Amino acid sequence: RPGAGPAARPKPAAPPAEHKRVVRIEGGIPVTELARHMGVKGNELLRGLWRLGLTSATRNTIVDADVAQILASEHGYEVRDVSFREAEALAAAPDPPGSRRPRAPVVTVMGHVDHGKTTLLDTIRETHVAPAEPGGITQHIAAYRARAGDLGEVVFLDTPGHEAFAAMRARGAQTTDIVVLIVAADDGVMPQTLEALAHAREAGVPIVVAVNKIDAPSARPDRVRGQLAEHGQIPEEWGGDTTFVDIPARTGDGVDDLIASLSLNAEALGLAANPDKPAAGTVIESRLERGRGVVASVLIAEGSVKTGDTVLAGEHYGRVRAMTGEAGARVTRAGPSEVVDIVGIGGVPEAGAPVHVTDEEVAKRAAAERRDRKSRAAQDARTGRSIRDLMKRIKATHQRTLRVVVKADVHGSAEALTSALEALSAEDVTLSIVRTGVGAITESDVDLATASGAMIVGFRVRPVGGAAERADREGVALETYDVIYTAIEDIRRAMEGMLDPVVAEHPIGDLEVREVFRVPKVGTVAGCAVMSGKLRRHGRARVFRDGARVFDGDVRSLRRFAQDVSEVEEGHECGVHLGFEGVRAGDRIEAYEIVQEARTLKHARGSRSVP
């Protein structure tokens, strides 16, 4: 432009403003669209999916909100699922002045498996839950009310520690006011400890660290403080703002100090809610029970729910026929910070789904919209997978697939087990989840498994009616488990059994050719010294000269002192006939064997068979 002076260099693009670093989705989003919203290449997100174990993902794969958040966080973005915005609007009306009253705090205990979460809660509420848990671990989110010192009534959420329950732990952090992060003093900070810490930080809630098992001989509570300090949790006694409390949960010493710290945090939060408006809450768990039907465990955050109310829970709705509190006591009304089992919802809602009390017409329309949106996303995903599967079968007919029908007692467990099993898929053997459901294993599950060539995996459920007999008659594999990692390992072994063995070479000996002889009717025989290992008759051998291979074949005969022998070991001399007439003194002979080894899923991801 005239008078503008020398052309200025283009300025680098400024990073997007914080309010623009949010991607809003409705239930799911294709990888390409997520990449476009963040301004990154689709291949970068694909690599992220592959690292998560989703090796069959392509650019058109639809990922849910949880997976999208993991991918987005690597690029500094946040994903928000707005599919429930119309339900949130139901509870958006401002509260009248003076209508908000103090409510009980919701405290979630999180941490690594076997670090003592349930034992601590047993001590607080003086019950005995931990010994009854299969495998010694909590399989569900346990929610209950208890009186704890100056806090009065407290709602405790106990979350599982096994790595497959990541989504369940995330829901625990998102529905809580305070997190107690429990770490064993003899074990230190572990992977699920850091994962729980990340969930608590993401939820933006206060964190109190309980250092457990300080009475163990190898306890090192200061090491725990140092490890967590490296992750930003600086103890108060070191000048930070994180409360650390040392406890042996089994004896109860130090628990009063932990309760006191929870009391201070709850007081600072000023927790209050309006109990007189229609309830809004979260599904903690859902299941099918014989004689009761669908049962949803719901944590009420705002308002109240009463028997006879119409509730919208995720993509399902219904009229509340009955409610029970802790220990099965029947209740007719539940208010803020209460956890109740609701009976009467028309379908099994997903764990983590929002719950709202509304009128029947609004609930019906909202549920229909959600089901329609979910159906479209699922259909898109199925179409994409079918095309990809077809192409893979055309290009690689050797690929094998293990199909599985998953049934569990509650939705959260079904979700966790399905996620863990899908992560087992490898390059040469894949796992396909035919159906995931809640409730006992029925004959219809067996019929589906028969038609699709699938096996059935039941988690804390058993076959009912004639399901077991039909499975046996139809030749359907049916396995039931009470501990998730046992199920995962069994399925892993089943998938490994579908793999072709790895054909591998193993060097077994090294020889030096000292002399060469011509034997009538036999041919050239090499007089050798075994320098290391051994040489076997009818084994395999290679001849090297000046570092280059000049022969590869079978050992035809092997002799010592004119006698045929089956093998010659290190330190001995022998005569070897290879059928190679060009062998010379000074050549080196490498003896080796070819063996078939069982492949593992780790091999399947990266190894190749020897041609």
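In table form, for the structure just shown:
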{"quantity": "Which listed residue, of GLY291, GLY281, GLY318, GLY308, is within 31 Å of the chain's Cα centre (by Cα), outside any helix (DSSP H, G or I) and not β-branched (Val, Ile, Thr)", "calculated": "GLY281"}
{"quantity": "Matching residues in the range 326-349 - criterion: being in contact with a strand residue (DSSP E or B) (Cβ under 8 Å, 6 or more places away or on another chain), open to solvent by 20 Å² or more (accessible area, probe 1.4 Å) and not in a helix (DSSP H, G or I)", "calculated": "ARG330, VAL331, THR332, ARG333, PRO336, GLU338, VAL339, ASP341, GLY346, VAL348"}
{"quantity": "Qualifying residue in the range 178-187 (condition: of a type in the set (Gly, Ala, Ser) and at pLDDT 80 or above)", "calculated": "yes"}
{"quantity": "Candidate set from the range 442-476 (those that are over 24 Å from the mean Cα position of the chain (by Cα) and assigned to a loop (DSSP other than H, G, I, E, B)); member that is surrounded by the most Cβ atoms within 10 Å (Cβ to Cβ)", "calculated": "VAL476"}
{"quantity": "Residue within the range 167-176 that is at pLDDT 70 or above and either more than 28 Å from the chain's Cα centre (by Cα) or open to solvent by 20 Å² or more (accessible area, probe 1.4 Å) (or both) present", "calculated": "yes"}
{"quantity": "Filter result for VAL438 (open to solvent by less than 50 Å² (accessible area, probe 1.4 Å) and without any contact (Cβ under 8 Å) to a residue 60 or more places away in the chain)", "calculated": "no"}
{"quantity": "Selection within the range 545-572 - exposed (fewer than 15 other Cβ atoms within 10 Å of the Cβ) and in a strand (DSSP E or B)", "calculated": "ALA548, ARG549, VAL550, ASP552, GLY553, ASP554, ARG560, GLN563, ASP564, GLU569"}
{"quantity": "Flag if LYS602 is open to solvent by 50 Å² or more (accessible area, probe 1.4 Å), assigned to a loop (DSSP other than H, G, I, E, B), out of contact with any Ser or Thr (no Cβ under 8 Å at 6 or more places or on another chain) and at pLDDT below 90", "calculated": "no"}
{"quantity": "Residues within the range 403-435 that are more than 17 Å from GLY497 (Cα to Cα), out of contact with any helix residue (DSSP H, G or I) (no Cβ under 8 Å at 6 or more places or on another chain) and either of a type in the set (S, T, N, Q) or without any contact (Cβ under 8 Å) to a residue 60 or more places away in the chain (or both), tallied", "calculated": "2"}
{"quantity": "In the range 70-94, the residues that are open to solvent by 10 Å² or more (accessible area, probe 1.4 Å) and at pLDDT 80 or above", "calculated": "ILE70, SER73, GLU74, HIS75, GLY76, TYR77, GLU78, VAL79"}
{"quantity": "Test: residue in the range 506-519 that is open to solvent by 50 Å² or more (accessible area, probe 1.4 Å) and either in contact with a helix residue (DSSP H, G or I) (Cβ under 6 Å, 6 or more places away or on another chain) or part of a helix (DSSP H, G or I) (or both)", "calculated": "no"}
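The values are calculated or read from the model by the stated rules, or taken from the named source; none is laboratory data. Bear in mind that the values here come from a model prediction, so they are computed numbers and not experimental data. Heads up, the Cβs are rebuilt from the backbone with ideal geometry, glycines too, and the neighbour counts pull from every protein chain shown. For the accessible areas, the whole protein counts, side chains as well, though only heavy atoms, and no ligand, DNA or RNA atoms are used. Shrake-Rupley method; radii C 1.70, N 1.55, O 1.52, S 1.80 Å.
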